[in-house]
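As structure tokens, the structure follows; a few thoughts come after it.
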Amino acid sequence: MDNLNLGRHISGQFNEDLERVINHVMQMGGLVEKQLSDALLAVHDADEELARKVHKNDYQINSLEVSIDDECTRIIAKRQPTAGDLRLIMAIVKTIADLERIGDEVKKIAQVALESLSGQQKDLLINLDNLGRRVLEFLQATLDAFTRMDVEAAIATHQSDTKIDREYEALMRQLMTYMMEEPRTIPQVMSVIWSARALERIGDRCQNICEYIIYFVKGKVVRHTTADDIKKV
């Protein structure tokens, strides 16, 4: 609690409410991270059982999103938070919405493990795996920054999304070229394309969470601003 730069409140129960909801967000973030890791492993190993497990476990993310949102609503109604406390609650509400959407994207990635890809088509998964590992590292760095509400780490992590975008664009060019040369593979390769797109979107969601951290700590909205402007916050 102290590492979030929050003061102690007259009501000890208020502190407990905030600590509880933050712990639940961390739990949700850990589950999303595990889901992404499992989805990438399922694709890498062509593990259909693990892919189905990823699909099945998505309900846990959805359930946490609903329960945390309810907790935040009760805190607002009961405690009427202001200033930094209100910004924290708003940052949490927005963060869990993005985490839930990341969970949805993870299911699309796991779907590749359920497709029947030939040996040559599986070669395309190497670059998908490389992109996936970078996105997983990005998600881990984002969650770490959120846990500590570290604005400097959030800004640095936010900037690294450009690397993900470049890898995504390179992979898409490769996949498009492959389909043009082998039109019969289009249905199978499309699943790889959707997975690559899902990974790119996860990167965007992580950027959003970094922006919520900046909003909480600095009290400034940095959505729709340039990377240079964010550095100046």
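Given the options 174, 164, 82, identify the residue whose Cα lies farthest towards the positive end of the charge dipole of the chain (+1 on Cβ of Lys, Arg; -1 on Cβ of Asp, Glu).
Value computed over the given set: 82.
Going Cα to Cα from residue 53, which aspartates and glutamates come in below 20 Å? Please leave out same-chain ones fewer than 8 positions away.
Those aspartates and glutamates meeting the cut-off are 33, 38, 45, 65, 100, 104, 105, 115, 129.
List 206, 72 from most exposed to least, where exposure is judged by having the fewest other Cβ atoms within 10 Å.
So the residues, fewest neighbours to most, are 72, 206.
Work out which helices of the chain, taken as complete DSSP H runs, extend at least 20 Å along their axis over the Cα atoms and score a mean Kyte-Doolittle of 0.0 or more, then list them.
Sorted by number, the helices that extend far enough and score high enough are 83-111, 125-148, 186-218.
Which listed residue (51, 68, 31) has the Cα farthest towards the positive end of the charge dipole for the chain, taking +1 on Lys and Arg C-beta and -1 on Asp and Glu C-beta about the Cα centre?
68
For segment 129-233, what is the Kirkwood hydrodynamic radius in Å, using each pair of distinct C-alpha atoms? List each step's numbers first, then the result.
Working: mean 1/r = 0.0675 Å⁻¹.
After inverting the pairwise mean of 1/r, the radius is 14.8 Å.
Give me the net charge for the shell around residue 67: Cβ to Cβ below 12 angstrom, other residues only, Lys and Arg +1, Asp and Glu -1.
Residues near residue 67 contribute -3 overall.
So if I place +1 on the C-beta of Lys and Arg and -1 on the C-beta of Asp and Glu, and nothing else carries charge, what would the dipole magnitude of segment 109-233 be about its Cα centre? I want it in debye, nearest 20.
Working: 16 positive and 18 negative charges, 59 e Å.
Value, rounded to 20: 280 debye.
Using the Cα centre of the chain as the reference point, and only Cβ charges (+1 on K/R, -1 on D/E), how large is the resulting charge dipole? Debye, rounded to the nearest 20.
Charge dipole of the chain: 560 debye, to the nearest 20.
If you take every residue apart from residue 122 with its C-beta less than 12 Å away from the C-beta of residue 122, what net charge results, scoring Lys and Arg +1 and Asp and Glu -1?
On the way: positive: none; negative: 45, 115, 123, 129.
In short, -4.
Quick note: the coordinates plus some simple rules give every number you see, no bench work behind them. Treat the numbers as computed from the prediction; the structure is a model and nothing was measured. Glycine gets a Cβ as well: all are built from the backbone with ideal geometry, and neighbour counts include every protein chain shown.
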